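I have placed the structure first, in the form of structure tokens, so that the comments after it can refer back to it.
The values are calculated or read from the model by the stated rules, or taken from the named source; none is laboratory data. Only a predicted model underlies this, so the values are computations on that prediction, with no experimental measurement involved. Ideal geometry is used to build each Cβ from the backbone, glycine not excepted, and the neighbour counts take in all protein chains shown.
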Amino acid sequence: MDTAFITPDRGPYFLSHSVGPLTQKGQNYLNEHYVEPWRDGGGRAWPFWLTLLDRFSGALAKLLGGREDEFAHQPNLSAGLSKYLLSLPSSDNPLKILMHANAFPSMGFVVSALPAESYELVLIPEDRPAHDPNVWAEFVTSKIDIVLITHVHSMTGILSPVPEIARIAKKFGARVLVDTAQSAGIIPIHIPEWDVDAVFGSCIKWLCGGPGAGWMWVKAETLPDLTPLSAGWFAHENPFEFDIRNFRFSETAKKFWDGTPSVAPYAMALGGIETILNIGVETIRAHNLEMLKIIEPDIDASINGGTLCFEAQDRADEIENKLKALRAYFDRRGSRLRISPHLSISKDEAKAVRDCLT
Ligand SMILES: Cc1ncc(COP(=O)(O)O)c(C=O)c1O
């Protein structure tokens, strides 16, 4: 097992689609970059803490491409999406936002909670394959303003071809947004190769950074036209100017910050991202696919995003019990089982899981 990761001793860990394993670096960084500066410097910890937040954005830029100043931390994807949508220039008609019905529900909830006179949710039905660009081509029309692509779907594990879908959307002049909650850290991503406007993510899953360290990437050229509807001193061009009569948004993605930022989740998450960077996403993905193919030889790697989502139907109880006897960490929603092998999983563990499924 790779010692960079700390997984529970109890049994094989297949839950990276939910909470990725803790990293040794993340645990150390929480102390080194959060607790120790505070313990040793009290309020003088702030310069360290602010540097840490910039390092977080820098690490994301290294991992995903794009510029450090195009990234802004957010508590989670929902908050980032909400802020982004509210920052768009107003229009006479409601902005129509297209996503697949298998997108994570929270993304749809964000749109549903916005004023109906300004935003409208349009869904591609569940029974149409989310990975097929032709399906998107049917639904993207000149009436669609925004297309949200879920890079990897959480309940099906389906990997969508972002560049192809983005190309279709751009033909109609739509803005393109991407949800990478389930893909960052397991699927190689280079944002500049995608013709997209904004990307949202968090670090809790394959980035192994724990909850609370969400982020958004916004294409630099689009930033001048975006005016967030919320602000705070850290969204100011110069947070330390302290002139209540003179608010100016930062020209960078920091315009999506607000008040005093949280720090602890980003210390943990930086450790997770650096761990993934040191190993390489390609290496992690290769191991993930090798393990997935042991568990399910027929898996189609071109449309699988790292998780085996297995519709067990009337065998769900039987398989769940077998996996529990292995003391495996996995999850079940209805009759659907989800199994995500990260680097900590050995061939023997993958074979043991395969024996439970067959
Ligand atoms: C595809 C996808 N998007 C978004 C989220 C979570 O969004 P948020 O960070 O707002 O909780 C998840 C969580 O499982 C997810 O799987």
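All but one of (1) in the same structural domain as Ile158 (by TED's automatic domain parsing); (2) in a helix (DSSP H, G or I) hold for Asp258; which doesn't?
Tallying (1) in the same structural domain as Ile158 (by TED's automatic domain parsing); (2) in a helix (DSSP H, G or I), Asp258 fails exactly one: (2).
So, in region 269-286, exactly how many residues are surrounded by fewer than 18 Cβ atoms within 10 Å (Cβ to Cβ) and closer than 26 Å to Ile149 by Cβ?
Residues meeting the conditions: 5.
Only residues that are closer than 21 Å to Ser16 by Cβ and either more than 16 Å from the ligand (Cβ to nearest atom) or buried (at least 22 other Cβ atoms within 10 Å of the Cβ) (or both): list them for region 130-148, please.
Scanning region 130-148 gives a single hit, Ala130.
For the structure I just gave you, tell me whether Arg332 is in contact with a Ser or Thr (Cβ under 7 Å, 6 or more places away or on another chain), surrounded by 12 or more Cβ atoms within 10 Å (Cβ to Cβ) and not assigned by TED's automatic domain parsing to the domain that holds Pro161. Write out each step before concluding.
Numbers: in contact with a Ser or Thr (Cβ under 7 Å, 6 or more places away or on another chain): no; surrounded by 12 or more Cβ atoms within 10 Å (Cβ to Cβ): yes; not assigned by TED's automatic domain parsing to the domain that holds Pro161: yes.
Answer is no for this residue.
Return the residues of region 200-229 that are part of a loop (DSSP other than H, G, I, E, B), of a type in the set (Ser, Thr, Tyr) and either within 16 Å of the ligand (Cβ to nearest atom) or touching an Asp or Glu at 6+ places or on another chain (Cβ under 6 Å) (or both); say none if nothing qualifies.
Ser202
Inside region 63-75, can you point out the residues that are within 16 Å of the ligand (Cβ to nearest atom) and farther than 10 Å from Gly201 by Cβ?
Ala72, His73, Pro75
Scan region 1-46 residue by residue and report those that are more than 21 Å from Lys351 (Cβ to Cβ), at pLDDT below 95 and part of a loop (DSSP other than H, G, I, E, B). Give the steps one after another, and end with the answer.
Residues of region 1-46 that are more than 21 Å from Lys351 (Cβ to Cβ), as a first pass: 3-4, 6, 18-20, 22-46.
Cutting the leftovers down to at pLDDT below 95 gives us 3-4, 6.
Within region 1-46, Thr3, Ala4 qualify.
If the requirement is being within 16 Å of the ligand (Cβ to nearest atom) and either more than 30 Å from Ala352 (Cα to Cα) or of a type in the set (S, T, N, Q) (or both), which of these qualifies: Ser18, Ser57?
Matching residue, one of Ser18, Ser57: Ser18.
Going residue by residue through region 91-107, is there one that turns out to be aromatic (Phe, Trp, Tyr), within 16 Å of the ligand (Cβ to nearest atom) and within 18 Å of Lys254 (Cα to Cα)?
Looking for residues that are aromatic (Phe, Trp, Tyr), within 16 Å of the ligand (Cβ to nearest atom) and within 18 Å of Lys254 (Cα to Cα), one finds none in region 91-107, hence no.
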